1. Relative to the compact globular guide of 2.2 N^0.38 Å, what is the alpha carbon radius of gyration of the chain, as a ratio?
2. Are there any trypsin sites (Lys or Arg not before Pro) in the stretch 16-70 that are in a DSSP loop and have at most 14 other Cβ atoms within 10 Å? List them by number.
3. Which FRET efficiency, nearest 0.05, do SER53 and ALA78 yield, Cβ-Cβ r, R0 22 Å?
4. Check each of the trypsin sites (Lys or Arg not before Pro) in the stretch 77-164 and keep only those in coil by DSSP with at most 16 other C-beta atoms within 10 angstrom; list them in order.
5. Using only the Cα atoms, work out Rg/Rh for the stretch 85-164, with Rh taken as the Kirkwood radius, to two decimals.
6. For the stretch 18-79, with equal point scatterers placed on the C-alpha atoms only and solvent neglected, what are the log10 I(q)/I(0) values from the Debye formula at q = 0.15, 0.25, 0.30 1/Å, to two decimals?
7. Relative contact order for the stretch 59-164: what is it in percent, counting Cα pairs under 8 Å that are at least 6 residues apart?
8. Please find the FRET efficiency linking ALA148 to LEU11, where r is the Cβ-Cβ separation and R0 is fixed at 45 Å, and quote it to the nearest 0.05.
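Throughout, read-outs are computed from the coordinates displayed, never taken from laboratory work. All values reported here derive from a predicted model rather than from experimental measurement. Reconstructed Cβ throughout: ideal geometry from the backbone, glycine too, with neighbour counts over all protein chains shown.
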Amino acid sequence: MTLLAWLLGFLLPACAATGTNGLAHPALADLAHLQRPVSPNTALAAPASFSVSPDIPTRIYDVPAKRLFLAIGEVAAAQPRTFVAAVYPDALQLHWVARSAAFNFPDLITAQVLPHGAEQSELLLYSRSVYGYGDFGVNRQRLTAWLAALDAAVKSSGEGPSPL
């Protein structure tokens, strides 16, 4: 942790923590009833038909839901300063905390995999800042990068990624 993050921790306690420390354990989220804040510090990637209009439309993946669930877990694990906060395998939902390099600001990311028949699936990704009104586009950039990495992982893996 940087000296700036340590000092900032006096005002914003979660900035002085590491990993998922300093933040509440995320409960299973009901993303079907997602209500986004008016502040521009969130990003949503979801099917175009989702109940909330997504910033980034996602596609139907030609892989079973369990395989997509494992693949998004692998993609997140490969990201710098990203930590698993909660895993709900029965609901195909994952939560992470990603921390910024300089100030250790925490962002929360939630993934929900939705079965689309037996051999296809869909993905919702919701990234949001814990602190601040704006995010300089960081959450949207994160989702764009994760989706690109997920596309590469799903296409290159004949057997699917290893378990979490």
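1. Numbers: Rg = 15.8 Å, N = 164, 2.2 N^0.38 = 15.3 Å.
Ratio of Cα Rg to 2.2 N^0.38 Å: 1.03.
2. Working: sites: ARG59, LYS66, ARG67; in loops: ARG59.
Of the trypsin sites (Lys or Arg not before Pro), the ones in loops of the stretch 16-70 whose Cβ has at most 14 other Cβ atoms within 10 Å are ARG59.
3. Numbers: r = 29 Å, r/R0 = 1.32.
According to the calculation, E is roughly 0.15.
4. Details: sites: ARG81, ARG99, ARG128, ARG140, ARG142, LYS155; in loops: ARG81.
Hits after loop and neighbour filter: ARG81.
5. Numbers: Rg = 14.3 Å, Rh = 14.3 Å.
Result: Rg/Rh = 1.01.
6. Once normalised to I(0) and log-transformed, intensities are -0.69, -1.31, -1.22.
7. On the way: 175 pairs, mean separation 31.9, N = 106.
Over the stretch 59-164, the number comes to 30 percent.
8. Working: r = 35 Å, r/R0 = 0.77.
About 0.80, to the nearest 0.05.
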